[in-house]
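The structure appears right after this line, and notes come after that.
The values are calculated or read from the model by the stated rules, or taken from the named source; none is laboratory data. Just so you know, these numbers come straight off a predicted model, no measurement behind them. FYI the Cβ positions are ideal-geometry reconstructions off the backbone, even for glycines, and counts take in every protein chain you see.
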Amino acid sequence: MITTSFKGAMLGAGFGLYIASFIVGYAYPAMTAKNDVPKVKDIHGNIVEVRPYTELEKRGREIYIKEACWICHSQFVRSAGMDEKRYGPVSQAGEFAYDYPATFGTRRIGPDLAREGGKRTDGWQYGHLANPQAMTQGSIMPKYVWYFEKDSNGEPDITKPTEDGKALIAYLQRLGTSIGDFRNPEGNKKASSVSVASAPKFTPEMVNSGKAIYEANCAGCHGINGNGAGPAAAALNPPPRNFIKADYKYGSSDVDLFKTITNGVKGTAMPAWDSLTESQRWEVIAYIRTFEKK
Amino acid sequence: MAVISEKSVSQKEEVVDKKAVKMWFYYSFIWLILGMTAGGLTSIKFNFPDFLGYVPWLSFGRMRIFHLGGVAFGWFSTAAIGMAYYIVPKLTGTKIVWPKLSYFLLYLWIATSTIGQICLLAGYNQGVEVGEWPLFIDILTVIVFGLATVQVFVTIANRKQKHIYVSLWYITAGLTWACLNYVVGNLINPYFYAGVDNASIHGFYLHCVVGLWITPMGTAMLYYFLPVITKNPVYSHKLSMLGFWGLALFYPIIGAHHYLYSPIETWVQTISIMSSMMLILPVWSVITNQVGTMKGKWHMMSSHIEVKFLVLGAVFYVITCFQGPTQALRSMQLIIHFTDWVVGHAHLAIYGVFTLWTWAGMYYVWPKLTGREIYSQKLASWHFWLSLLGFSIMALALWAAGLVQGGMLNLASNVPFIDTVKAISPFWMMRSIGGWLMIAGAAVFVYNMYMTAKVGKHIEEVA
């Protein structure tokens, strides 16, 4: 027979230490920490209820898991480093209370998505899902064309996402929104903080570097020729501006354009381009001006 | 005490069910190639995202989890159970009980793992990293592991040898842990724990797969094959026990280090970091034992392919197990977490250490199973050097990529994410090149094994 000490040891090591570790380090905190209470502190400091997923969002989460999106996109904003500046407020336990299983992720091959909700419009997301490279030059995300109906040419029609495609984007738009709209905490009341008096004088060098920035960041929606008909344009409502016609909505001076680029346009797919430096923004404007019909 | 030697290993090869071990190994070869090839194909998508077109089954996410399931469960777990069917009879001097069960479990495991892998490509995964197979496959997996565990335990109870050598400790404990851990990580956690608790327990599960299944089975092989091949007794039985208990004590609790700076309780994170650090203890005891056992036999590295693989694996083991604890520290995590650094670390452990040790064991066992000499020592040498070269390129590329991307993302907030992708793109290219060299090495190995079984010189003729 097995010697008593060996049996005892196997019981101790095999079951004892493993189960003891599980209880002390994992099951006990899970019982006591109340991480599964769906409540968070919102951007104004109030404790608010986290609402459960809608049926559509739930389905979207299933798609998110099915395509293993969690392999490349993490889903929590760390309380350290540049995470908060880069993605938004630090994640709270209550935000994940409905997640079976959690999709925290362990690798950021793409950006974190914990605060993705409301960052872009649905249209932008559809355009991106079908053709990420059109929206972000150099992106390595796969083209998820099978979440769209095909048009007459057999190409994905980004205005016609499938039910699963709609569900996925609904789920993305939900992510991180339980704490309120941290991107616009004052509602629409806050005035633009951009204060520039005059534009610099545009030089051919500025136009040149503006071209590279434009093609990397803007062409997906506004088109490589500035005609407002980039690959994602069809899904966007209101449509992206046509720079050839140059019929601007918020003023057509260089300073007006600078403000629009800096702040983005609420209610449209146009994001705030604070990731570009001020001189880069001016360079883009210098290039955009070259599209206009003289 | 039970120091492995000529005496304590049964010299009678007939205690081993050679056919069963051979079949388990053959099945592991299939996943070695499929799993690694899937990894190689996926890696190309980092540089060419449109590679393989827009077929859902071949899309990045699905291929990536197929790669992991293929190498961790299809390759290593199959090979490890096959090894148990070889090592346990040799160390107990008795046949594995219920011999038909070894075949039944293999067929069940072939069905389970194959269907599980197909499910991943078809889009059915349960969203648990390192536990992607869907629920019904998980239940079958637990049945296979559970029955194999019982079989090994009963065999040990029937043993002829009085002493229980350290390899048997590792194998029995590894199998027990694998069953328990698989139940916790795949059957309980995804369905009963939500959100933060779920992530925490997932970290626990994920690292226990590596630490309490892959590590003990790999260490069992090292402790068996090194003394048997070098014909030196194990340097210190006490050290081997220290290593075993150190592993059992410190390993299970380290999982939360996968989610530092998350909403998981800070003290849980801190314990996991401390335990990670303590793992240096069992690892160094294994390595000390390994070096001690090699005493006077280092020259065998030049003549024996098995020893080459064992020693190289041990070198990688030292690196992995210094890297692991230090990268669990908060200051280090801040930069390297979420980057390819960790991917490099994972490959170092699973490939660099445990796959290499498994290969070493296979080079030793395969001639005994087939009654034939290894078909070509030259090919074996190619296998070794392709693996070493390929893996060195891949690991260095991944670590460099991790530092570059981690630095760009975490030391400044105004670097757009896409710029970090462009910055590490050349490293990804290097990783692919290294990876395909590794795949070539593995293919040479499988070909060599196949040819050995088919046309290798009969050992009787040689002797």
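Is it true that B:Phe66 is under 23 Å from B:Ala173 (Cα atoms) and of a type outside the set (Ser, Thr, Tyr)? When the stated conditions are applied, B:Phe66 does not pass them.
Note on segment B:171-259: enclosed helices (runs of 4 or more DSSP H) holding 3 or more residues that are in contact (Cβ under 8 Å) with a residue 60 or more places away in the chain and touching a helix residue (DSSP H, G or I) at 6+ places or on another chain (Cβ under 6 Å) are B:195-209, B:215-230, B:237-250. Residue-level check: of (1) closer than 28 Å to B:Val415 by Cβ; (2) within 23 Å of the chain's Cα centre (by Cα); (3) surrounded by fewer than 15 Cβ atoms within 10 Å (Cβ to Cβ); (4) modelled with pLDDT of 85 or more, A:Asn208 misses just (2). When A:Asp36 is tested against (1) modelled with pLDDT under 90; (2) more than 30 Å from B:Ser276 (Cβ to Cβ), only condition (2) is not met.
Return yes or no: is A:Ile140 among the β-branched types (Val, Ile, Thr) and either surrounded by 24 or more Cβ atoms within 10 Å (Cβ to Cβ) or within 28 Å of B:Val196 (Cβ to Cβ) (or both)? Against the criterion (among the β-branched types (Val, Ile, Thr) and either surrounded by 24 or more Cβ atoms within 10 Å (Cβ to Cβ) or within 28 Å of B:Val196 (Cβ to Cβ) (or both)), A:Ile140 does not qualify.
In segment B:30-45, of all residues being of a type in the set (Val, Ile, Thr) and in contact with a Phe, Trp or Tyr (Cβ under 8 Å, 6 or more places away or on another chain), the one that is surrounded by the most Cβ atoms within 10 Å (Cβ to Cβ) corresponds to B:Thr42. Taken as a whole, the structure leaves B:Tyr205 outside the set of residues that are modelled with pLDDT of 95 or more, touching a Ser or Thr at 6+ places or on another chain (Cβ under 8 Å), buried (at least 19 other Cβ atoms within 10 Å of the Cβ) and farther than 24 Å from B:Pro99 by Cα. Summed over segment A:113-138, the residues that are more than 24 Å from A:Asn237 (Cα to Cα) and within 8 Å of chain B (Cβ to nearest Cβ) give a count of 1.
Restricting attention to segment B:269-293, the residues being of a type in the set (A, V, I, L, M, F, W, C), more than 14 Å from chain A (Cβ to nearest Cβ) and buried (at least 20 other Cβ atoms within 10 Å of the Cβ) number 2. Among the residues of segment B:335-368, those that are hydroxyl-bearing (Ser, Thr, Tyr) and under 23 Å from B:Ile424 (Cα atoms) comprise B:Thr339, B:Tyr351. Taking the condition within 20 Å of B:Ala220 (Cβ to Cβ) and touching a Cys at 6+ places or on another chain (Cβ under 8 Å), does B:Leu310 pass? No. Restrict the check to segment A:152-162 and report whether at least one residue is over 30 Å from B:His207 (Cα atoms), among the polar types (S, T, N, Q) and in contact (Cβ under 8 Å) with a residue 12 or more places away in the chain. Yes: one or more hits.
Tallying residues that are within 7 Å of chain B (Cβ to nearest Cβ) and either part of a helix (DSSP H, G or I) or of a type in the set (S, T, N, Q) (or both) within segment A:92-112 yields 5. Restricting A:Glu149, A:Glu95 to residues that are surrounded by fewer than 23 Cβ atoms within 10 Å (Cβ to Cβ) and either outside the structural domain of A:Cys221 (by TED's automatic domain parsing) or closer than 16 Å to A:Ala234 by Cβ (or both) narrows the list to A:Glu149. I need every pair where a residue in segment B:350-364 that is under 16 Å from B:Leu389 (Cα atoms) and in contact (Cβ under 8 Å) with a residue 40 or more places away in the chain has its Cβ under 8 Å from the Cβ of a residue that is of a type in the set (S, T, N, Q) and assigned to a helix (DSSP H, G or I), sequence separation at least 6 or different chains. Final answer for the pair search is B:Gly352/B:Thr320; B:Val353/B:Thr320; B:Leu356/B:Ser387.
Residues in segment B:153-170 that are away from chain A (no Cβ under 11 Å) and part of a helix (DSSP H, G or I) were compared, and the one that is farthest from the chain's Cα centre (by Cα) is B:Val166.
Among residues that are within 16 Å of the chain's Cα centre (by Cα), outside the structural domain of A:Cys218 (by TED's automatic domain parsing) and at pLDDT below 95, A:Thr121 is included. Give me a count of the residues in segment A:69-92 that are among the hydroxyl-bearing types (Ser, Thr, Tyr) and surrounded by fewer than 21 Cβ atoms within 10 Å (Cβ to Cβ). Matching residues across segment A:69-92 total 1. Considering only segment A:132-139, I want to know if a residue exists there that is over 19 Å from the mean Cα position of the chain (by Cα) and either outside the structural domain of A:Thr262 (by TED's automatic domain parsing) or on the phi > 0 side of the Ramachandran plot (or both). No, segment A:132-139 contains no residue that is over 19 Å from the mean Cα position of the chain (by Cα) and either outside the structural domain of A:Thr262 (by TED's automatic domain parsing) or on the phi > 0 side of the Ramachandran plot (or both).
This table checks each residue for (1) over 29 Å from A:Gly88 (Cα atoms); (2) touching a residue at least 40 places away in the same chain (Cβ under 8 Å); (3) in contact with a Leu (Cβ under 6 Å, 6 or more places away or on another chain).
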{"site": "A:Pro238", "(1), (2), (3)": "no, no, no"}
{"site": "A:Ile244", "(1), (2), (3)": "yes, yes, no"}
{"site": "A:Asp254", "(1), (2), (3)": "yes, yes, no"}
{"site": "A:Phe258", "(1), (2), (3)": "no, yes, no"}
{"site": "A:Val265", "(1), (2), (3)": "no, no, no"}
{"site": "A:Thr277", "(1), (2), (3)": "no, no, no"}
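For segment B:298-400, the helices (runs of 4 or more DSSP H) that sit wholly inside it and include 2 or more residues that are away from every other protein chain (no Cβ under 14 Å) and crowded, with 24+ Cβ neighbours inside 10 Å are B:305-327, B:356-370.
Let's see how each residue does on (1) buried (at least 24 other Cβ atoms within 10 Å of the Cβ); (2) out of contact with any strand residue (DSSP E or B) (no Cβ under 8 Å at 6 or more places or on another chain); (3) modelled with pLDDT of 95 or more:
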position: B:Arg159; (1), (2), (3): no, yes, no
position: B:His163; (1), (2), (3): no, yes, no
position: B:Val166; (1), (2), (3): yes, yes, no
position: B:Thr172; (1), (2), (3): yes, yes, no
position: B:Cys179; (1), (2), (3): no, yes, yes
position: B:Val183; (1), (2), (3): no, yes, yes
position: B:Ala194; (1), (2), (3): no, yes, no
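Does A:Ala9 qualify as being more than 7 Å from every other protein chain (Cβ to nearest Cβ), surrounded by 16 or more Cβ atoms within 10 Å (Cβ to Cβ) and free of Cβ contacts under 8 Å to residues at least 12 places away in the same chain? Considered against the rule, which asks whether it is more than 7 Å from every other protein chain (Cβ to nearest Cβ), surrounded by 16 or more Cβ atoms within 10 Å (Cβ to Cβ) and free of Cβ contacts under 8 Å to residues at least 12 places away in the same chain, A:Ala9 comes out as yes.
Can you tell me which residues in segment A:139-172 are among the hydroxyl-bearing types (Ser, Thr, Tyr), closer than 11 Å to A:Ile63 by Cβ and more than 10 Å from every other protein chain (Cβ to nearest Cβ)? If the condition is that a residue be among the hydroxyl-bearing types (Ser, Thr, Tyr), closer than 11 Å to A:Ile63 by Cβ and more than 10 Å from every other protein chain (Cβ to nearest Cβ), then A:Thr162, A:Tyr171 are the ones that fit.
Determine if segment B:85-98 includes at least one residue that is within 14 Å of chain A (Cβ to nearest Cβ), of a type in the set (Val, Ile, Thr) and on the phi > 0 side of the Ramachandran plot. No, there is no match, as no residue in segment B:85-98 is within 14 Å of chain A (Cβ to nearest Cβ), of a type in the set (Val, Ile, Thr) and on the phi > 0 side of the Ramachandran plot. Residue pairs whose Cβ atoms lie under 9 Å apart, separated by 6 or more positions or on different chains, with the first residue in segment A:80-91 and facing chain B (nearest Cβ under 7 Å) and of a type in the set (D, E, K, R) and the second crowded, with 21+ Cβ neighbours inside 10 Å and in a helix (DSSP H, G or I), are A:Arg86/B:Leu409; A:Arg86/B:Asn410. Within this structure, B:Leu242 fails the test of being over 23 Å from B:Trp298 (Cβ atoms), at pLDDT 95 or above and of a type in the set (A, V, I, L, M).
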